[in-house]
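Here is the structure we will look at.
The values are calculated or read from the model by the stated rules, or taken from the named source; none is laboratory data. Here the structure is a predicted model, which means the values were calculated and not measured. Note that we place each Cβ from the backbone using ideal geometry, even for glycine, and neighbour counts take in every protein chain shown.
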Amino acid sequence: MMNGRAVRSVLIRNNRQENGSVDHVPRSIQFDESSEEYRCLCNCFHVKTGAFIIGCVHVLMILFFLIHSLFVYFQHDGRLQQARGVKENYVFGSFLAEMIGLGLGIFAVFLLFVALSRNSALLVVPHLVMQVIAILCFILVLVSGTIALCTDSAVFYRLINAAPFMEHPNNNTVALDTGTMVRIYSLMIVYAISLALEFWFIVVIYNCNRYLDERSDYMKYCLAFSTPMKTLSAR
């Protein structure tokens, strides 16, 4: 706002001279927020918009895994298992670990939304860290699921936390019914899809972090040596 009138900022690409340089802007500070480097999702969106979409997708994923974990935990008949002499430590342990992970995940998504609204690159870092952890967890779960399917090990079935089942106190293996196996295979597919998406999403979030960081550097330069409203497009 200038003299009571809204002034639209001009991208630096519109201020280029004939030789391709930008007036009064060092090459190390030059910044074009509409550059193809800041596009994502098949070049359809700006990385900032893409990061917001990814945050919304992560919220849906967290809700899905939360509902599924609660369903598995409460569907499991712990009293019957105790009567049969089966310890329940890892049943609750798997559930608790997933709840902690989902809690940290939703907090990281919240920080991502705050980062996008405040153009803060630093607040994107926790989300990147959680994505790395999520990728490692998905890989671990897929490996555990593969071992469980190959060996019928009850412990590995518990680790993937896919479906409730009864186990024999004297055996480390279980023979699951068809319905339970369908649920396990279905969740394994969901884990595999989630892993593939995370590999894609982490690149977008990283580019968004880089965009916000470079935008911040350019804004600091503008505040110190120029008029920001004439050089930086507000997003």
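Quick check on segment 119-127. Is at least one of its residues free of Cβ contacts under 8 Å to residues at least 60 places away in the same chain and surrounded by 15 or more Cβ atoms within 10 Å (Cβ to Cβ)?
So far as segment 119-127 goes, yes, one or more of its residues are free of Cβ contacts under 8 Å to residues at least 60 places away in the same chain and surrounded by 15 or more Cβ atoms within 10 Å (Cβ to Cβ).
Within segment 59-69, the presence of at least one residue that is within 30 Å of Val204 (Cα to Cα) and at pLDDT below 90 is confirmed.
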